[in-house]
Structure formats: C-alpha cells, structure tokens
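*Asks:* To start, I am sharing the structure in question, which I have written as structure tokens.
The values are calculated or read from the model by the stated rules, or taken from the named source; none is laboratory data. This is a predicted model, so every value here is computed, not measured. Every residue, glycine as well, gets a Cβ built from its backbone with ideal geometry; the counts of neighbours run over all protein chains shown.
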Amino acid sequence: MHFEQQVYNNDFSAKMLRQLTTSPDGKTIVFNAAGFLYKQELPTGTPERLTSGMDFEFEPSFSPDGKFVIYTTWSDELRGAIKRTDIKSGKTITLSDEKGFYYSPQYSSKGDKIVFRKGSGNDVLGYNYGRGTGIFIMPAAGGTKTLVSDNGIKPSFNNLDTRIYFQSYTDGKKALKSIDLNGANERTHFTSQYANQFAVSPDNKWLAFNELFNVYVTPMINVGTAQDASAGNKAIPVAKVTTDGGTYMQWSADSKNLHWTLGPKYFTIDVKNAFNFDGATPKTQASSIDINLTLKSDAPTGIVALKGARIISMKGDEVIENGTILTDGNKITAIGKADAVAIPANAKVIDVNGKTIMPGIIDVHAHLRTSPDGISPQNDWSYMANLAFGVTTSHDPSSNTEMVFSQSEMLKAGRMVGPRLYSTGSILYGADGDFKVVINSL
C-alpha cells in the first residue's frame with residue numbers, strides 16, 4: 001500500500017496525545033502533546049498550553065479539589081523536577097527538593113501528600129543525578145521526601161491513604177502490589193503475563209488494565225490470593241471495553257466512568273453497563289470525542305544565499321563549481337553558478353567557499369533510539385549524530401509507537417532538532433511478550 005505523505009504544511013494536527021488526565025469535576029482535561037502540557041475544557045474547548053515554561057512537561061495529575069496540576073519536567077541542563085501549576089492562574093512552583101529523574105506524581109485522596117517515583121536515568125537522558133531511587137512520599141506543598149519502597153513504578157494511594165499501589169514483578173510476571181506507608185505488609189493483588197498498565201478506581205472497587213493494546217475492566221481484589229489480570233480469566237468477571245485499542249486509562253472521581261485515549265480520541269464508558277452478566281442485555285459502547293490540537297510547523301524565515309560552494313545538484317551528473325544556492329524560508333528558490341544567481345540586497349550571505357553541498361540523505365531503514373521511560377530529551381544525541389552525517393530524513397520501521405510519533409511531532413514543531421522522522425511504529429511482532437500483536441482476522 002502507498003500513502004501520500006505531505007512533507008510540509010504551515011501547521012499540522014497533533015495525533016500522538018499522551019498521558020491525558022481528567023479533572024475531578026469532569027470538565028477539563030490536561031495532556032502531553034509534542035513535549036508540553038495542554039489543557040482543554042470539555043467537550044469542545046480549544047487546547048492551550050498549561051504553562052509558558054521551556055522545560056518539557058510530562059505525566060500530569062489533578063489535585064482532588066481540581067485547583068492544581070502536578071507533573072514532571074525535563075531540562076537537559078537542569079534535569080528533572082516535579083512542579084505544580086494553578087489551573088486558573090498558571091502560577092507554577094517546584095515541589096521536588098533536588099535534581100533527578102521523576103515519574104508518575106499522584107496526590108493522596110485527601111490532597112495532603114504526593115507519591116512519586118525517582119529513577120536512575122538511561123542512555124538517552126544520561127545518568128547524572130540518578131542516585132537515591134525508589135518510590136517516595138512528600139507533603140503536597142513540597143519538602144522532605146520519605147522513601148517507601150526501593151522498587152516499583154507507577155505508584156498511587158488507596159482510597160484511605162493508608163497504602164500505596166504500585167506495579168512490579170512476581171515470578172517473571174507483571175504484578176499489581178501494595179504496601180503500607182512504611183513500606184511494609186506487601187500484598188500482591190494481580191499478576192499478568194501481558195498487561196502493561198493497571199489503574200485502580202478511586203473507590204478501590206474496580207481495576208482497569210491494558211493487555212495487548214486493549215483495555216479491560218474487572219472487580220478489584222484486595223484480599224486473598226492474587227488474581228490473573230487477563231482477558232482469559234474465568235474466575236472473575238472481565239469486560240473488554242475497547243474496540244480498536246486504548247491507553248492511558250484513568251477513572252472519574254466517582255469511579256463510575258473509565259476514560260482512555262487512542263491517538264487524538266478521548267473515550268469514556270459507564271463501567272456498570274460494560275458487563276453483560278445476564279447474557280442478554282447489550283453492553284454499553286464507549287463514547288468518544290476528538291481532541292483537536294493544531295500546532296504551527298517550524299520553518300526558517302528570511303532569504304539566505306550560500307555562496308561559493310561546489311554543488312551536487314542531482315540533475316544527472318551535474319556538479320556546479322563556485323555555485324550559489326538561494327533560499328527563501330524553507331524553500332530553495334535558485335541554484336546555479338555564482339555569477340548567474342542574483343542575490344537580493346536583503347539576503348543573508350554565507351561564504352561556503354571550499355565546501356560541498358548536496359541534498360540531504362534519506363535513511364529508509366534507521367533505528368533512532370527513544371528514551372525507554374517516556375521522557376524526551378531536549379537534544380537527542382542520535383538525532384544530532386544523523387544530522388552531522390548529512391541524514392535529514394529518516395524512516396524507523398521498528399520503534400515505540402508512542403515515543404517515535406510524539407518526537408516526530410516535536411521535530412515538526414521545532415521543539416527538537418533532528419531529521420524529518422517517519423515510522424511505522426511498534427513492529428508487528430510474533431515473539432511472546434506484552435508487545436506481541438495477535439492477528440484476529442485478515
């Protein structure tokens with residue numbers, strides 16, 4: 001199959017919306033797109049930046065009263081932090097007490113504490129300030145943090161604020177566990193071979209999980225032996241609520257509705273009607289709305305003359321000695337011998353004598369690594385290395401769908417620097433794991 005690709009438009013619709021969260025009153029959403037956080041009034045408001053900051057912003061979460069949003073930030077120079085923004089005024093303060101790698105901040109039910117994870121870094125972001133890792137609790141206004149567990153990811157409080165749920169491993173399987181606030185009395189609630197996200201409802205009565213790209217709902221088990229979080233579990237009711245897949249599951253404040261996203265679509269389903277207990281009543285289908293975020297494409301301005309270079313024009317075997325290339329914005333307007341190209345008086349002239357200029361290289365099979373933990377660097381070393389070797393367009397046929405398309409949009413918007421990036425996303429892979437693709441029909 002062949003699909004036409006428009007290389008450049010003045011603006012574009014953001015498709016890879018990530019980490020969406022819904023306000024407690026259900027009227028506002030905040031999400032990550034192209035590196036920054038945006039807020040939108042539901043259902044048809046216009047998305048706008050949550051802040052005016054220059055650090056990249058990730059993983060937003062509302063306070064229980066809906067007045068604040070906490071989130072993590074990343075700066076290549078200053079490293080990571082946890083920040084809090086007033087949803088109305090935009091006033092922002094830093095809550096974390098040191099540089100580091102921060103993930104998944106969540107408020108307690110009372111709103112007086114925040115739980116989060118501090119990581120060690122990776123080969124994309126680096127490892128400086130990666131000590132002192134684990135799951136921590138700190139006061140909602142910031143201050144001294146207290147270690148709760150030295151392992152686990154994606155922590156959240158239970159409804160009584162007496163325990164912390166988190167994701168870990170048990171016997172080689174993913175596991176949803178909990179511990180008390182002292183890090184003791186660990187319990188394993190669910191294990192799963194293929195699930196990669198767990199979301200416990202605020203009333204702790206339901207669990208949503210993502211298995212092989214689809215979202216399922218099942219009753220939450222807080223006592224007894226661990227249950228299997230799987231579509232095939234026959235011991236407890238399990239309902240599939242997605243049609244084409246979904247991610248970033250989160251619950252309404254009253255635990256009645258489950259939300260998730262798929263690209264620029266925001267889905268909602270009434271959980272009590274998602275099950276078909278009597279075998280006759282039709283299950284409720286999820287409703288959806290489109291999130292229409294339009295971003296301006298990055299492009300240079302002004303007229304530039306590159307004068308005096310050897311030019312490989314790609315017109316047959318033509319090589320122009322002592323040539324000039326004239327550009328206006330992001331378009332080449334003239335190529336030829338220096339004495340044949342008229343340079344406007346308002347052009348910026350760059351002397352490139354002794355240099356050779358050729359069209360940028362298109363790498364049709366490239367693997368440009370993305371950060372494995374969802375945080376994009378402001379300057380990606382693999383992008384810079386490709387540009388240094390003349391690669392200006394890349395196609396990555398096997399990458400993390402979420403990260404590669406998010407960063408492709410960051411490149412379009414000028415928020416990262418690198419080759420123009422195309423991809424097919426995650427590989428359609430048959431090997432066993434939570435990334436495998438099951439072909440249901442052809």
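*Asks:* Inspect region 55-63 for any residue being in contact with a strand residue (DSSP E or B) (Cβ under 9 Å, 6 or more places away or on another chain), of a type outside the set (D, E, K, R) and more than 26 Å from Gly121 (Cα to Cα) and give the result as yes or no.
*Replies:* yes
*Asks:* Would you confirm whether or not region 95-104 contains a residue that is touching a Ser or Thr at 6+ places or on another chain (Cβ under 8 Å) and exposed (fewer than 15 other Cβ atoms within 10 Å of the Cβ)?
*Replies:* The answer is yes, given that some residue of region 95-104 is touching a Ser or Thr at 6+ places or on another chain (Cβ under 8 Å) and exposed (fewer than 15 other Cβ atoms within 10 Å of the Cβ).
*Asks:* Can you name the condition, by its number, that Pro219 falls short on among (1) in contact with a Leu (Cβ under 8 Å, 6 or more places away or on another chain); (2) on the phi < 0 side of the Ramachandran plot; (3) surrounded by 17 or more Cβ atoms within 10 Å (Cβ to Cβ)?
*Replies:* Single failed check for Pro219: (3).
*Asks:* Which residues, taken from region 360-371, are surrounded by 12 or more Cβ atoms within 10 Å (Cβ to Cβ) and either β-branched (Val, Ile, Thr) or assigned to a loop (DSSP other than H, G, I, E, B) (or both)? Steps first, answer last, please.
*Replies:* Step one: of region 360-371, the residues surrounded by 12 or more Cβ atoms within 10 Å (Cβ to Cβ) are 360-363, 366-371.
Hits for region 360-371 are Gly360, Ile361, Ile362, Ala366, His367, Leu368, Arg369, Thr370, Ser371.
*Asks:* Something else now. Have a look at Ser255, Ser230 and point out the one that is in a loop (DSSP other than H, G, I, E, B) and buried (at least 19 other Cβ atoms within 10 Å of the Cβ). Quick ask: steps written out before the conclusion?
*Replies:* Values: Ser255 fails: buried (at least 19 other Cβ atoms within 10 Å of the Cβ).
Answer to the check: Ser230.
*Asks:* Do you know which of the residues in region 24-34 that are crowded, with 21+ Cβ neighbours inside 10 Å and either free of Cβ contacts under 8 Å to residues at least 60 places away in the same chain or not hydrophobic (A, V, I, L, M, F, W, C) (or both) is farthest from Arg415 (Cα to Cα)?
*Replies:* Among residues in region 24-34 that are crowded, with 21+ Cβ neighbours inside 10 Å and either free of Cβ contacts under 8 Å to residues at least 60 places away in the same chain or not hydrophobic (A, V, I, L, M, F, W, C) (or both), the one farthest from Arg415 (Cα to Cα) is Val30.
*Asks:* Now for a separate question. In the set Thr133, Thr73, Thr94, Thr85, which member is within 27 Å of Gly414 (Cβ to Cβ), more than 21 Å from the chain's Cα centre (by Cα) and not charged (D, E, K, R)?
*Replies:* From the options Thr133, Thr73, Thr94, Thr85, the qualifying one is Thr94.
*Asks:* Among the residues of region 148-166, which ones are in contact with a Phe, Trp or Tyr (Cβ under 9 Å, 6 or more places away or on another chain) and either charged (D, E, K, R) or farther than 21 Å from Phe62 by Cβ (or both)?
*Replies:* Across region 148-166, the qualifying residues are Val148, Ser149, Asn151, Gly152, Lys154, Arg163.
*Asks:* Further, regarding this structure: Looking only at strands (runs of 3 or more DSSP E) that lie completely in region 291-351, which have at least 1 residues being exposed (fewer than 14 other Cβ atoms within 10 Å of the Cβ) and touching a helix residue (DSSP H, G or I) at 6+ places or on another chain (Cβ under 6 Å)?
*Replies:* Values: elements: 294-296, 303-312, 319-328, 331-337, 348-351.
The strands (runs of 3 or more DSSP E) meeting that bar are 319-328.
*Asks:* Same structure, new question: Is it fair to say Tyr169 is in a loop (DSSP other than H, G, I, E, B), of a type outside the set (A, V, I, L, M) and surrounded by fewer than 18 Cβ atoms within 10 Å (Cβ to Cβ)?
*Replies:* Judged against the criteria, Tyr169 is not a match.
*Asks:* While we're here: Which residues, counting only those in region 265-285, are of a type in the set (A, V, I, L, M), surrounded by 15 or more Cβ atoms within 10 Å (Cβ to Cβ) and at pLDDT below 95?
*Replies:* If the condition is that a residue be of a type in the set (A, V, I, L, M), surrounded by 15 or more Cβ atoms within 10 Å (Cβ to Cβ) and at pLDDT below 95, then Val271, Ala274 are the ones that fit.
*Asks:* I'd like to check something: does region 383-396 contain any residue that is closer than 24 Å to Asn10 by Cα, modelled with pLDDT of 95 or more and assigned to a loop (DSSP other than H, G, I, E, B)?
*Replies:* No, region 383-396 contains no residue that is closer than 24 Å to Asn10 by Cα, modelled with pLDDT of 95 or more and assigned to a loop (DSSP other than H, G, I, E, B).
*Asks:* Please enumerate the residues belonging to region 139-166 that are closer than 21 Å to Asn204 by Cα, of a type in the set (S, T, N, Q) and outside any strand (DSSP E or B).
*Replies:* If the condition is that a residue be closer than 21 Å to Asn204 by Cα, of a type in the set (S, T, N, Q) and outside any strand (DSSP E or B), then Asn158, Asn159, Thr162 are the ones that fit.
*Asks:* Please find, within region 397-411, the residue that is nearest to Ser104 (Cα to Cα) out of those that are outside any loop (DSSP other than H, G, I, E, B) and of a type in the set (Ser, Thr, Tyr).
*Replies:* In this case the residue turns out to be Ser406.
*Asks:* I'd like to verify a number: residues in region 193-206 that are free of Cβ contacts under 8 Å to residues at least 60 places away in the same chain and closer than 20 Å to Ser149 by Cβ, how many?
*Replies:* Of the residues in that region, 5 qualify.
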